[in-house]
1. Restricting the search to the range 166-190, which residues are loosely packed, with under 14 Cβ neighbours inside 10 Å, touching a strand residue (DSSP E or B) at 6+ places or on another chain (Cβ under 7 Å) and of a type outside the set (Val, Ile, Thr)?
2. Just checking, does the range 131-144 include any residue being in a strand (DSSP E or B) and over 30 Å from Gly106 (Cα atoms)?
3. When you look at Ser116, is it more than 26 Å from Pro41 (Cα to Cα) and assigned to a loop (DSSP other than H, G, I, E, B), yes or no?
4. Taking the range 158-185, which residues are of a type outside the set (S, T, N, Q), at negative phi, assigned to a loop (DSSP other than H, G, I, E, B) and in contact (Cβ under 8 Å) with a residue 40 or more places away in the chain?
5. Considering each residue of the range 200-210, count those that are of a type in the set (A, V, I, L, M) and within 16 Å of the ligand (Cβ to nearest atom), and give that number.
6. Hey, can you tell me all the residues within the range 131-165 that are surrounded by 17 or more Cβ atoms within 10 Å (Cβ to Cβ) and of a type in the set (Val, Ile, Thr)?
7. Could you look through the range 104-130, keep only residues that are within 18 Å of Ala72 (Cα to Cα), of a type outside the set (A, V, I, L, M) and at pLDDT 95 or above, and pick out the one that is surrounded by the fewest Cβ atoms within 10 Å (Cβ to Cβ)?
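The values are calculated or read from the model by the stated rules, or taken from the named source; none is laboratory data. Remember, it's a predicted structure, so these values are computed and weren't measured experimentally. Cβ sites come from the backbone with ideal geometry, for glycine too, and all protein chains shown count toward neighbours.
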Amino acid sequence: MLADPLPSAVLTPMATRRVITLVAGVWAWACSGDSTQPPGPPLDLTKTGGDAQSWYFNNRLPTPLSVTALDASSRPVPGVVVTWAVTSSAGSGAVNPQQSTTDASGVATTTDSLGSSTIQTVSASFPGIQSAVTFTEIGSAPPTSGAVDVRDDNFNLPNIVVQTGSAVTWTKTGLHEHNVTFVSGPAILAKIFEADLDAGTPASRTRTFAVVGTYNYSCTNHANMNGSVTVVH
Ligand SMILES: [Cu+2]
């Protein structure tokens, strides 16, 4: 029995079938492993996180790369030393660490920094693996400026990325009284007041972002009117 069943009205026949399939899948998984039996030697790796990210040249990817070591019965294997290597051309980045050991859940991770190439591939393997797995990441140049519309009642776009040293301009396009109040980040920048955004005084204000990190801001007049500027190298 599901702990929190959906109202029957939203359970179309298709949705009901999906729920049944899901429950059956969990049931089969729960019964397939004999928990008293230790896993056998590792046979393969499966990617469990960090593949196919799009991020910026010479920056660390937001999500670490992770793999799970599996034995012949697809049980996770702890204690496997996984070797990570950038397999694309020179200048396409680096992984750190270059070796990591699978934990109690069979998972090993590394951090991955992009270089200056558009495509970066990283392999994960261990001695005797059937075939190494490959992560493929996409690099691009970060934007060198940003523009945010201050609307009724949201920021558009709410979340932007710029390179260090870039200026971001907030321009009032709505009619309500708004402000830009920085609430967290590497530095708390000066608040942009309603008067700053009123037409003609001027209609927009700019802040320059010198330090890498994520700056969060809000309009204090409207709940859930939030935005962020992520600054990369
Ligand atoms: Cu507002």
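1. Of everything in the range 166-190, those that are loosely packed, with under 14 Cβ neighbours inside 10 Å, touching a strand residue (DSSP E or B) at 6+ places or on another chain (Cβ under 7 Å) and of a type outside the set (Val, Ile, Thr) turn out to be Ala167, Ser184, Pro186.
2. Let us first name the residues in the range 131-144 that are in a strand (DSSP E or B), namely 133-140.
Filter once more, so that each one left must be over 30 Å from Gly106 (Cα atoms): 140.
For the range 131-144, residues in a strand (DSSP E or B) and over 30 Å from Gly106 (Cα atoms): present.
3. So Ser116 fits the description; yes.
4. Residues satisfying the conditions are Pro158, His176, Glu177, His178.
5. Residues of the range 200-210 that are of a type in the set (A, V, I, L, M), as a first pass: 203, 210.
With the extra rule that they be within 16 Å of the ligand (Cβ to nearest atom), the set shrinks to 203.
Qualifying residue count for the region: 1.
6. Listed by number, the residues that qualify are Val133, Val148, Val150, Ile160, Val161, Val162.
7. Looking at the filtered set, the residue picked out is Pro127.
Residues are listed down the side, and each one gets a yes or a no for (1) at pLDDT 95 or above; (2) in contact with a Lys or Arg (Cβ under 6 Å, 6 or more places away or on another chain); (3) farther than 13 Å from Cys219 by Cα:
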| site | (1), (2), (3) |
| --- | --- |
| Pro143 | yes, no, yes |
| Pro158 | yes, no, no |
| Val161 | yes, no, yes |
| Thr164 | yes, no, yes |
| Thr173 | no, yes, yes |
| Leu189 | yes, yes, yes |
| Thr201 | no, no, yes |
